[in-house]
1. Just a yes or no: is a residue in the stretch 32-46 part of a loop (DSSP other than H, G, I, E, B) and either over 24 Å from Thr79 (Cβ atoms) or of a type outside the set (Ser, Thr, Tyr) (or both)?
2. Kindly indicate the residue of the stretch 13-61 that is within 21 Å of Met1 (Cα to Cα) and touching a Ser or Thr at 6+ places or on another chain (Cβ under 7 Å) and also modelled with the highest pLDDT among those meeting that condition.
3. If only one of Cys24, Cys92 is outside the structural domain of Arg8 (by TED's automatic domain parsing) and either without any contact (Cβ under 8 Å) to a residue 60 or more places away in the chain or of a type in the set (Lys, Arg) (or both), which one is it?
4. Considering only residues of the stretch 62-78 that are surrounded by 12 or more Cβ atoms within 10 Å (Cβ to Cβ) and more than 20 Å from Gly10 (Cβ to Cβ), which is modelled with the highest pLDDT?
5. State all residues of the stretch 1-18 that are small (Gly, Ala, Ser) and free of Cβ contacts under 8 Å to residues at least 24 places away in the same chain; if no residue qualifies, say none.
6. From the list Ala26, Ala14, exactly one residue is small (Gly, Ala, Ser), under 21 Å from the mean Cα position of the chain (by Cα) and part of a helix (DSSP H, G or I). Which is it?
Amino acid sequence: MAKEALVRIGQLYAIEEEGKDLSCAARKQLRAEKSQPVLNNLHDWLTKVRARTANGGASAKAMDYTLRRWASFIRYAETGHLPIDNNVVENCIRQLPWAKRTGCLQALNVQDKELPLFRPAGYRQAEWFKSGRMVKRHPGKIADLAK
């Protein structure tokens, strides 16, 4: 069951790979022609498999979650400008708990409206401070932290 779901989702990502260099209008057309039928088949398959799956298990919960949020799940396919997933956002917000835990935001006196100043993915904390990326955004505020 999981393998079948991954194959179907993989088809959607393959379609996105085809359209990554297209304009928004062309990507919207590509999604209408190719992604929508795959999504419709995926929804029908999920509904049928869910009907045969016992309640309470992890698979049932995952399918229920997806089916309850189906409109949000397929919204990208109705447009040409939305990405298929939110990986870019997830990678950015992943840094927030680290920044809060280490006191970085308090030390910089950062307000919530200024929060998009997380360290780049793959950087260790010391490299982040020493790289000067924070210094460029908040000169003078992190002189002690950057040492």
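1. no
2. That would be Leu46.
3. None of the others qualify; the one that does is Cys92.
4. For the stretch 62-78, the residue satisfying everything is Asp64.
5. Of everything in the stretch 1-18, those that are small (Gly, Ala, Ser) and free of Cβ contacts under 8 Å to residues at least 24 places away in the same chain turn out to be Gly10, Ala14.
6. On the way: Ala26 fails: under 21 Å from the mean Cα position of the chain (by Cα).
Answer to the check: Ala14.
The values are calculated or read from the model by the stated rules, or taken from the named source; none is laboratory data. What you are looking at is a predicted structure, and each value in this text was computed from that prediction instead of being measured. Please note: Cβ atoms are built from the backbone with ideal geometry, for glycine as well, and neighbour counts cover all protein chains shown.
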